[in-house]
1. Expected output is a single nm value to one decimal: the length gained when fully extending between Asp32 and Asp14, i.e. 0.36 nm times separation in residues minus the C-alpha distance. What is it?
2. Using Cβ contacts closer than 10 Å as the measure, can you line up Tyr20, Tyr57 from fewest to most?
3. Say a paramagnetic label sat at a point 7 Å from the Cα of Ala67, along Cα to Cβ; which residues of the stretch 1-26 have their backbone N under 14 Å from it?
4. Using only DSSP helix segments of four residues or longer, with each worth -39500 (n - 2.57), what per-residue ellipticity at 222 nm results for the chain after dividing by its residue count and rounding to 500?
5. Taking a quarter of the surface of the convex hull around the Cα atoms of the chain, what do you get in nm²?
Amino acid sequence: MEGIVLRVRLVSGDSLDVTYEHDSGSESEIIDHVVSTLADASGLLRCRHGGRLLVLYARGVAAVEVAPRGAVL
């Protein structure tokens, strides 16, 4: 399973680093999937923050940055 680390800025101004895993595809295809999911008003992503499962809702996300080498989780 391929995974990428995302730095997410929420509409509240807070930010957090999460790991998003997808079954198949290259890194660029996974990024396209993340962007298209969050572009939909009802979109959601299941991610990991440390050892916890986290669900990101599109309406709460202001910006997403892909970490080049991974963030400290």
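1. Numbers: separation 18, 0.36 × 18 = 6.48 nm, distance 2.34 nm.
The span from Asp32 to Asp14 would gain 4.1 nm if fully extended.
2. Least crowded to most crowded, the residues run Tyr57, Tyr20.
3. Of the residues in the stretch 1-26, 3-9, 15-21 have backbone N under 14 Å from the label point off Ala67.
4. Calculated from helices alone, the mean residue ellipticity at 222 nm is -5500 deg cm²/dmol.
5. The Cα convex hull of the chain, projected and averaged over all directions, gives 4.6 nm².
Coordinate-derived values only; no laboratory data. Just so it is clear, the structure is predicted and the values come from calculations on it, not from any experiment. Note: ideal-geometry Cβ built from the backbone for every residue, glycine included; neighbour counts use all protein chains shown.
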